[in-house]
Each structure stands twice: as C-alpha cells, then as structure tokens.
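Below: the structure, in structure tokens.
Each reported figure results from applying straightforward, stated rules to the coordinates on display, with no laboratory input. Everything numeric here is computed off the predicted structure, so don't read it as measured data. Note: ideal-geometry Cβ built from the backbone for every residue, glycine included; neighbour counts use all protein chains shown.
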C-alpha cells in the first residue's frame with residue numbers, strides 16, 4: 001500500500017474511533033443537513049474539500065474535509081439517507097505517516 005493511502009486509512013480510522021466516543025446528547029446538538037449542501041457550504045465558506053473518507057460498520061460515511069494547506073478542517077458523518085452532520089472542526093490539520101512496529105514472525 002502506498003504511504004499516502006496508509007496515511008489516509010490511519011487518519012480515517014482514528015476519526016472513526018473518536019466519533020464513537022462522542023455522546024448521543026452531543027450528536028443531537030450538531031448542525032445537520034443534506035450532504036451536498038454541507039459540502040458546498042464548506043467549500044464556499046472555508047475552501048474545504050474532502051481529503052479522507054471511510055464507511056463505518058453501521059453504514060455511515062465519515063469524511064474529513066480540509067483546506068489545501070490544512071489551515072482549517074471539518075469532520076462530517078453522513079447517514080445512509082444522505083443527512084450529514086458536522087461532528088468536529090478545527091485548525092492545523094496535519095497528516096502523519098502510518099507507523100506500526102510489526103515484529104517479524106519467529107521461526
């Protein structure tokens with residue numbers, strides 16, 4: 001697997017784990033709308049575009065959107081019916097290399 005693909009996979013996995021830690025009460029208070037409208041709004045207002053995505057075990061699409069330079073970023077979750085909710089946002093998105101220390105099998 002290419003390093004960039006590993007990086008995206010790792011970042012998406014970390015975000016998926018973080019999303020499961022968010023309480024349902026907090027989820028009820030987040031802004032939601034149709035995915036196309038949310039993505040267009042983020043592009044128009046923050047110049048953000050999708051940079052990573054993955055599908056959760058429950059069928060939701062989890063996406064990270066960011067500016068080209070990572071200055072701002074947003075995480076959205078889209079349910080199978082097309083409704084997206086903003087889960088997190090911030091500044092200074094930096095991709096990190098996927099580093100796992102895997103021991104060689106012993107003979």
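Multiplying the residue separation of residue 94 and residue 58 by 0.36 nm and removing their Cα-Cα distance gives an extension gain of 10.2 nm. When its C-alpha radius of gyration is set against 2.2 N^0.38 Å (N residues), the range 33-107 gives a value of 1.39.
Here the label points at residue 44 and residue 81, each 7 Å from Cα along the C-beta direction, are separated by 2.5 nm in the simple model. In a fully extended conformation the segment linking residue 102 and residue 36 would gain 19.7 nm over its present Cα-Cα distance, using 0.36 nm per residue.
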